[in-house]
Amino acid sequence: MSAIRLLILGAVRQHGRAHGYQVRNDLEFWGAHEWSNAKPGSIYHGLKHMAKQGLLLAHEVAPSTAGGPPRVEYEVTDQGTEEYFTLLRQALTSYDQKMDVLSAGIGFIVDLPRDEAIALLEQRIEGLRQWRASVTEYYVPENGPEQLGHIGEIMNMWVHSADSEAQWTHGLIERIEGGAYTFAGEGDPFVGVLAEGEPNPYATGPHPEDPH
């Protein structure tokens, strides 16, 4: 699974309708260009590709002030919404995803009901437990990595990674169970997008007005 697909659908969905510049600006505001493959070319390509797939609906609006073709705004379709929640649930439950996928999932976790978010994170912990158990069938952490030569350091890293991820996930569950954050159906959600024209303090450079 690629994080960029989830990130784009989530960003467009938060706006209702958004053009490529807004999506890029939001993802940079979230720092996604640092921890994922959400680079400008990937974003614009992803928007066009998902529109062809029927996940996004493209609307041509007034031409940009810089001239050129009309600007395109995107809106998530019903099919796109279904895909978005499928990807979100996968990002939260799959223990073997890359860190950018989990990060994207955490970024949109409040789009789910609180109880479902907790249940998905508990599935993630169970996946981590099973993965750790498969490693320790032939690697005994208590005996140290030297038991397998320097290759044992790989097993040692996997076990420590599973333990730390499980500990972090338990902490997140505790915070959510304790009432942290506003989840779907609970009230006004956290606003994590920039308003039209609002300067982005984390922008990677000047963004010429583009028609994508």
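Just to be sure before I move on: is G149 surrounded by fewer than 12 Cβ atoms within 10 Å (Cβ to Cβ) and either among the acidic types (D, E) or modelled with pLDDT under 95 (or both) in the structure I sent?
Values: surrounded by fewer than 12 Cβ atoms within 10 Å (Cβ to Cβ): yes; either among the acidic types (D, E) or modelled with pLDDT under 95 (or both): yes.
Against the criterion (surrounded by fewer than 12 Cβ atoms within 10 Å (Cβ to Cβ) and either among the acidic types (D, E) or modelled with pLDDT under 95 (or both)), G149 qualifies.
Check I118, I4 and return the single one that is touching a residue at least 40 places away in the same chain (Cβ under 8 Å), assigned by TED's automatic domain parsing to the domain that holds G179 and part of a helix (DSSP H, G or I). Show your work before the answer.
Details: I4 fails: assigned by TED's automatic domain parsing to the domain that holds G179.
Answer to the selection: I118.
Restricting to the stretch 29-67, name every residue that is at pLDDT below 85, over 19 Å from K98 (Cα atoms) and charged (D, E, K, R).
Hit for the stretch 29-67 is E60, nothing else.
Residue under question is Q90, and the condition is that it be touching a residue at least 40 places away in the same chain (Cβ under 8 Å) and either in a loop (DSSP other than H, G, I, E, B) or surrounded by fewer than 18 Cβ atoms within 10 Å (Cβ to Cβ) (or both); does it hold?
Numbers: touching a residue at least 40 places away in the same chain (Cβ under 8 Å): yes; either in a loop (DSSP other than H, G, I, E, B) or surrounded by fewer than 18 Cβ atoms within 10 Å (Cβ to Cβ) (or both): yes.
The answer is yes for Q90.
The values are calculated or read from the model by the stated rules, or taken from the named source; none is laboratory data. Note that this is a predicted model, so its numbers are computed, not measured. Here Cβ is always computed from backbone atoms with ideal geometry, including for glycine, and neighbour counts include all displayed protein chains.
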